[in-house]
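Working notes for the structure below.
The values are calculated or read from the model by the stated rules, or taken from the named source; none is laboratory data. Small disclaimer: the values here were computed from a predicted structure and weren't measured. Here the Cβ positions follow ideal geometry from the backbone for every residue, glycine too, while neighbour counts run over all protein chains shown. With ligands, DNA and RNA removed, areas are computed over all heavy atoms of the protein, side chains included. Shrake-Rupley method; radii C 1.70, N 1.55, O 1.52, S 1.80 Å.
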Amino acid sequence: RASLKNQVDWSLYLVTDSTAAILGDKDIVQVVEQALQGGITVVQYRDKHADTGVMIDVATKLHAVTQKYNVPLLINDRLDVCQAVGAEGVHIGQDDMDCTQARKILGPDTIIGVTASSVDETRKAIEDGADYLGIGTTFATPTKTDTKHIIGTQGLQQILASCDIGTEKSVPCVAIGSINASNIQRVLHQSAYGSNRLNGVAVVSAIVAATDSQAAAKSLSELIKSAPEKYFAAVPPNKQPVTDLKGLMAQVPGIIKSHASSSVLCHNMTNTVVQNFVANVCLATGASPIMSEIIAEAPDLAKLGGALVINMGTATPEKLNSFIAGMKAYNAVGAPVLLDPVGGGATAHRRNTVKTLLASGFFSVIKGNENEISAVAGSSNVQQRGVDSGPSASTGEEKADLVKRLAQREHCIVLMTGETDYLSDGVRSIAINNGSPYLGKITGAGCALGAVIASYLAVHREDKFLAALAGMMHYEMAAERAEARQDCNGPGSFIPAFLDELYLLGQDVSSGGPGAENGIV
Ligand code: 3NM
Ligand code: MG
């Protein structure tokens, strides 16, 4: 047993549930055996209602099965049941016996796992000698309705960051709470803090409630093994902070050119005020716009090689359902999704919408003005080291720092627009001064920029940062050219001139292409 303790594969941890709502009329021992065939690596027997005799009977049967697969059996809460059946360990919650007391009773060789939902609880559990941690509750779950803290992937990340998870100073860590095939890769990815990563995930209903527990376990196991980075990573391998802005800018014209002839789909879930203008901007740059909030067609549209824009401009509760369905559909195929958190910090409703969206899926880009980006950065429902700086990032350096930290936290590209635009993928950060004041005098200019950047990400998939930069340069250079035109005398005549220049720039990007003098690192 002592040796097993250090060899546990924590990647796919099954917690059982014997209630009719989840287990149905299946046999728990059979479910576990099938799940073992499907690839689960740890089993926790959890039954909050059974008599001791029944627990010992079931645990004995489970242990016979888990031993065949060389997988540890842990017992929830009940040290006596663990001892009676000779199981490999126990799992104790914050309201159960203290870890130190449990250790005294069970000795050094028994695995003791502890549930933690905050940095403090995690630190204490590690100090008390827990062998591994279950952290959560990641997302609200009907399986356990008395959970105290819903911490999201941000809360997981904060624990990983603060408690040296993934280093020898710490212990293995699995996340729990509504984790299933649709979010398992995202949870593993979004919770990561540098090289601090979860060792695995714990699930109940995703396997126990499935009609085929073997198939459910197998698909979860495969999702864990196939790296989500392929879809989600903001930063391609081996990227360093920007030192050669000129070299970076030199790649922009080629991307503008390929975008101009792409007819790439730009799927907008946007506000009613700007739809027409946004669609025209998409067309002028070379994309094919579609404005649709229909949930049923989102999965089909997601497969067409384009990108999705979620614009919170008029975020009614009904639209929020479309946003979430759209994001899930695009996430499922690894296609880009851009969040434009319009008015993000203005009202409690919008702050909650931002929170819900961040918890429901993965964004490739978050684009907004200073207030909006600050609202997203402050949207964490847990204390987040460093990024809670609120809406007061007044100096350029502070803005750049806020943008970079948010990019690191959300593992995505962040663009803060303003007189100077700040763009970062968490590693590469630049600030750019260009555009036209007329962009501030027409409605939908920010929304249309979001659409342009999204479609650029769909065209130039190998590097989201560069794609976003190219989309931005296309947009802002066209604005500069429009403003300079003889026929542009104000916001009204700026609009047609701008659409023309967006189009013309795509046709002939070589004439007066973007210059490095526009950017400051
Ligand atoms: N513990 P499902 S959440 C057993 O947060 C348990 O500590 C939790 O079930 C915690 O995978 C939970 O079906 C239930 O959502 C998780
Ligand atoms: Mg408990």
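Remark: pairs (first residue in the stretch 131-148, free of Cβ contacts under 8 Å to residues at least 24 places away in the same chain; second residue within 14 Å of ligand 2 (Cβ to nearest atom); Cβ separation under 7 Å; 6+ apart in sequence or on different chains) are absent.
Considering only residues in the stretch 119-137 that are within 12 Å of ligand 1 (Cβ to nearest atom) and not in a strand (DSSP E or B), the one that is farthest from Gly166 (Cα to Cα) turns out to be Thr137. For the subset of the stretch 469-492 comprising residues that are without any contact (Cβ under 8 Å) to a residue 24 or more places away in the chain and outside any helix (DSSP H, G or I), which member is surrounded by the most Cβ atoms within 10 Å (Cβ to Cβ)? Step by step, filter the stretch 469-492, then rank; the result is Arg485. All told, Thr52 meets the bar of being open to solvent by 50 Å² or more (accessible area, probe 1.4 Å), within 16 Å of ligand 2 (Cβ to nearest atom) and among the polar types (S, T, N, Q).
Restricting attention to the stretch 161-211, report how many residues are part of a strand (DSSP E or B) and either away from ligand 2 (no atom under 16 Å from the Cβ) or among the polar types (S, T, N, Q) (or both). Qualifying residue count, the stretch 161-211: 7. When restricted to residues that are assigned to a loop (DSSP other than H, G, I, E, B) and within 11 Å of ligand 2 (Cβ to nearest atom), the stretch 72-92 contains 2.
All conditions in (1) surrounded by fewer than 20 Cβ atoms within 10 Å (Cβ to Cβ); (2) not in a helix (DSSP H, G or I) hold for Leu301, with the sole exception of (2). The residues on offer are Asp96, Asp109, and the sole one that is open to solvent by 20 Å² or more (accessible area, probe 1.4 Å) and away from ligand 2 (no atom under 15 Å from the Cβ) is Asp109. Residues that are crowded, with 20+ Cβ neighbours inside 10 Å and away from ligand 1 (no atom under 11 Å from the Cβ): does the stretch 141-151 have at least one? So far as the stretch 141-151 goes, no, none of its residues is crowded, with 20+ Cβ neighbours inside 10 Å and away from ligand 1 (no atom under 11 Å from the Cβ).
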